[in-house]
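All remarks here apply to the structure that follows.
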Amino acid sequence: MDLLLLMKNSRLNQYRRCLKKYRQKDIRMSGTSKRQAMLHSVARVKPVYSYPEKLGGKIKQIIRVLEKAKLNTELSYGFLYSIDETCIPHNKNRVIGNIPFDYSRVIDGSICQYREKCKKVRNAVSERNLTLLKAIEDYLDRICTQLENDKKLNECEKRAAIGRLKSMKESEAQTLEDAIQRILFWNQIFWQCGHTLNGLGRLDKLFARFPLTDTSGQSLSHFLEILHRYYNFKSSVILGDTGQIIILGGTGEDGTYFVNEYTYVIMECLKKLKLPDPKILLRVSRNMPDKLLRLAADYIAEGTGSPLLSNDDVVIPALKEFGYLDSDACNYGVSACWEPLSIGNSLEQNNLTGVEFGQVLVSMIDDGRFKECKTFEDVLKLYLEKLDGHIKSILSHLDGIVWEQAPLFTLFWQDCLEKGLDITEGGAKYNNYGILSAGISSAVDSLLNIRHYVFEQKLLDLDGLCDILHKNYEGASEFQQLFIQRSDGFGSGSDEAIDLTVRIMDETQKRISSYRNRFGGRVKFGLSSQGYVTSGKKTGATADGRKNGDPFATHISRSDNGSPIEIMRFAGKLCYAGGRANGNVVDVMLQSSLVKEEKDRFLDYLKASIQAGFFQAQFNVLSYQQLVDAKAHPDRYPNLIVRVWGFSAYFRDVPEEYQDVLIRRAKECEGI
């Protein structure tokens, strides 16, 4: 056993694992084969390994990363932003990420002020914080020295950049440009040190203290362009999946809606830039100004998949019911895609695994007891029994997660300092976990078809249904079409569909409600997941007409991409309270011609949808013919952007199976 552990943690094996991870990023580069990517990675990557805890552990690794990382002192619009893509910290365990850093803590204060704060608290965390702050100051000094010595730089720009960087040591930010440089500096540190999917928080609220000037819009545009750099390096599984979400707008504790000039300027800047990243999550409400919702509608009509809308009227009460304080619920941000959390207070790892509602259905059908069911209630009882076992295995998986220490997050999490605990040891204020889900529409529609065609109309029996599904609808196309063509399934106004969906959600909630992780945190789930393709690949045929290996429907959507009005009404009738509040995105496909030509109707649709009570919503505004042509001739559409999962990406970079899902849905949307 000791020998196996030694082999697992050997430098050679760690290096191999780093190369494999880095190669996956290189393979996504256009025209790069697996062999080329391997050679490319071997030549470039320089893993930095962690040390035993007695030698300083994670802190020493971070210090070495900051010392080894090469600096690019070429200023972009007067700002410095440098990430050495080849300097990769190696981690043995799961790494904290997927959460926004609270940048107010570096904009409203200085390194010196925070050092004094740490000195007042004498514990292991405060000592580590002091060591880490010294390392960051040394890194800052190295940057300033290299800038000083770079004779190619414009002297005026150089002096301004050095001044902004040095001011971080002693004072709070004085201007918008100071704040931008601080965000860029700390953002590059998090990426450099291996923390990925870094959200940007509520930037309009963060910048509110700085008066807008004639140059503010230009500075913000430059800021957003700079954040778009290292696009490939920052992307997780698919190009564009960077987690760089900007939160705008939002309802406060007193019920009033927060909006300021920065809300509009930031959205206008990204609308003009037409970049897939960074992306916007706009917090919406019945109380929001028409002017802001109209701007959001215009932005959505551009077809970049942004902004995602998060309905404060539903999300905030759900977070409060789950256990967040009112102030934290009203100040919520999100993880890399859509999962709500408390900014600057949370461990909140919200994308740990998923409930596979579709796979549970197949497991039920494969159980010998399924054919013996006498009533639909017997079938539903068996499904819920299988769901119970599935959820137990998920919770067991959560218990087995080991976290890599995260001094950078611990540094500015106030509760960690007061408790003397790393964020990965339960030091945060909120220590909840989050899980996703896939296949809910297939499960609901399949169960409804079983009730309708087996027990009510008696068109076939359970034995015959099993035979059809195991043969993947071969020779039974009439039943496949019958199952597909139901108009009263998931996403419709059918009371049966709504009641069954609510029951499955309630049963899932009951099974996770008593769970507590090792830190005392709870777990919440949501009806959204990036796994609608990957989960479908490993799931057999289902009784909604879906064949073995086919994708599941995207998030909360109709499998036939039905009425956008009906799906919003359906979503508004679901319960998202408490443990169901981990992101529930209605995914809507719309014809670009209709949205652009009938903007007033689209605006009315958005207003009605907010009032109907959806949790969150995102939109793809696309043309079927354009997508087909773009797949065949990607060079003709280098800037075509689509919405995937909870992020936007260039269509040419999206894997073929996701392109096919978008094409199929666009075709259904246009009734072709």
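Considering only the stretch 440-455, I want to know if a residue exists there that is under 21 Å from F525 (Cα atoms), in contact with a strand residue (DSSP E or B) (Cβ under 9 Å, 6 or more places away or on another chain) and modelled with pLDDT of 95 or more.
yes
Looking only at residues that are touching a helix residue (DSSP H, G or I) at 6+ places or on another chain (Cβ under 7 Å) and of a type in the set (V, I, T) in the stretch 314-366, which one is nearest to N198 (Cα to Cα)?
T353
Quickly run through the stretch 377-427 and pick out the residues that are farther than 29 Å from R503 by Cα, touching a helix residue (DSSP H, G or I) at 6+ places or on another chain (Cβ under 6 Å) and among the charged types (D, E, K, R).
The answer is D422, and nothing else.
Return yes when L130 is surrounded by 13 or more Cβ atoms within 10 Å (Cβ to Cβ), touching a residue at least 60 places away in the same chain (Cβ under 8 Å) and in a helix (DSSP H, G or I) and no when it is not.
No: the conditions fail for L130.
With the checklist (1) more than 15 Å from E670 (Cβ to Cβ); (2) outside any strand (DSSP E or B); (3) of a type in the set (D, E, K, R) in hand, flag the one item K596 doesn't pass.
Unmet for K596, out of (1) more than 15 Å from E670 (Cβ to Cβ); (2) outside any strand (DSSP E or B); (3) of a type in the set (D, E, K, R): (1).
Within the stretch 568-593, how many residues turn out to be part of a helix (DSSP H, G or I), touching a strand residue (DSSP E or B) at 6+ places or on another chain (Cβ under 9 Å) and over 19 Å from S492 (Cβ atoms)?
Within the stretch 568-593, residues that are part of a helix (DSSP H, G or I), touching a strand residue (DSSP E or B) at 6+ places or on another chain (Cβ under 9 Å) and over 19 Å from S492 (Cβ atoms) number 4.
Just the residues that are surrounded by 12 or more Cβ atoms within 10 Å (Cβ to Cβ) and either part of a helix (DSSP H, G or I) or in contact with a strand residue (DSSP E or B) (Cβ under 6 Å, 6 or more places away or on another chain) (or both), please, taken from the stretch 472-495.
F479, Q480, L482, F483, I484
Under the condition of being without any contact (Cβ under 8 Å) to a residue 40 or more places away in the chain and in contact with a helix residue (DSSP H, G or I) (Cβ under 6 Å, 6 or more places away or on another chain), which residue from the stretch 527-571 is farthest from R665 (Cα to Cα)?
G549
Of a type outside the set (A, V, I, L, M), modelled with pLDDT of 95 or more and over 26 Å from I498 (Cα atoms) - does that describe any residue in the stretch 568-580?
The answer is no, given that none of the residues of the stretch 568-580 is of a type outside the set (A, V, I, L, M), modelled with pLDDT of 95 or more and over 26 Å from I498 (Cα atoms).
Checking the condition in a loop (DSSP other than H, G, I, E, B), β-branched (V, I, T), touching a Lys or Arg at 6+ places or on another chain (Cβ under 8 Å) and closer than 25 Å to V362 by Cβ, which residue from T554, T542 passes?
Result: T554 is the single residue among T554, T542 that is in a loop (DSSP other than H, G, I, E, B), β-branched (V, I, T), touching a Lys or Arg at 6+ places or on another chain (Cβ under 8 Å) and closer than 25 Å to V362 by Cβ.
Could you list, in sequence order, the residues of the stretch 599-643 that are part of a helix (DSSP H, G or I), farther than 30 Å from A318 by Cα and hydroxyl-bearing (S, T, Y)?
The one that is part of a helix (DSSP H, G or I), farther than 30 Å from A318 by Cα and hydroxyl-bearing (S, T, Y): Y624.
Could you list, in sequence order, the residues of the stretch 496-522 that are touching a Gly at 6+ places or on another chain (Cβ under 7 Å), farther than 17 Å from S442 by Cβ and not in a loop (DSSP other than H, G, I, E, B)?
Q509, I512, S513 - these are the residues of the stretch 496-522 that are touching a Gly at 6+ places or on another chain (Cβ under 7 Å), farther than 17 Å from S442 by Cβ and not in a loop (DSSP other than H, G, I, E, B).
Only residues in the stretch 378-398 that are closer than 13 Å to K510 by Cα and modelled with pLDDT under 95 count as the first member; pair them with residues that are surrounded by 15 or more Cβ atoms within 10 Å (Cβ to Cβ) and not aliphatic (A, V, I, L, M), Cβ under 9 angstrom, at least 6 apart or cross-chain, and list the lot.
The qualifying pairs do not exist here.
Could you say whether any residue in the stretch 650-661 is buried (at least 23 other Cβ atoms within 10 Å of the Cβ), farther than 15 Å from G303 by Cβ and hydroxyl-bearing (S, T, Y)?
So far as the stretch 650-661 goes, no, none of its residues is buried (at least 23 other Cβ atoms within 10 Å of the Cβ), farther than 15 Å from G303 by Cβ and hydroxyl-bearing (S, T, Y).
So for the stretch 359-372 (the condition being closer than 30 Å to K429 by Cβ and out of contact with any Ser or Thr (no Cβ under 7 Å at 6 or more places or on another chain)), does at least one residue qualify?
Quick first cut of the stretch 359-372, residues closer than 30 Å to K429 by Cβ only: none.
No; the residues of the stretch 359-372 include none that is closer than 30 Å to K429 by Cβ and out of contact with any Ser or Thr (no Cβ under 7 Å at 6 or more places or on another chain).
Name the residue, out of L275, L292, that is closer than 25 Å to I641 by Cα and within 23 Å of the chain's Cα centre (by Cα).
Working: L292 fails: within 23 Å of the chain's Cα centre (by Cα).
Of L275, L292, the one residue that is closer than 25 Å to I641 by Cα and within 23 Å of the chain's Cα centre (by Cα) is L275.
So, in the stretch 204-253, exactly how many residues are farther than 28 Å from R294 by Cβ, more than 17 Å from the chain's Cα centre (by Cα) and small (G, A, S)?
Total meeting the criteria: 0.
Where residues in the stretch 191-237 are of a type in the set (V, I, T) and within 22 Å of G97 (Cα to Cα), which of them is surrounded by the fewest Cβ atoms within 10 Å (Cβ to Cβ)?
It comes out as V237.
Consider the stretch 139-157. How many of its residues are surrounded by fewer than 13 Cβ atoms within 10 Å (Cβ to Cβ) and in a helix (DSSP H, G or I)?
3
Within the stretch 450-458, is there a residue that is in contact (Cβ under 8 Å) with a residue 40 or more places away in the chain and either in contact with a Pro (Cβ under 7 Å, 6 or more places away or on another chain) or surrounded by 24 or more Cβ atoms within 10 Å (Cβ to Cβ) (or both)?
Yes, the conditions are met somewhere in the stretch 450-458.
The values are calculated or read from the model by the stated rules, or taken from the named source; none is laboratory data. In this text, all values refer to a predicted model and were calculated from it rather than measured experimentally. Neighbour counts run over all protein chains shown; Cβ positions are idealised from the backbone, glycine included.
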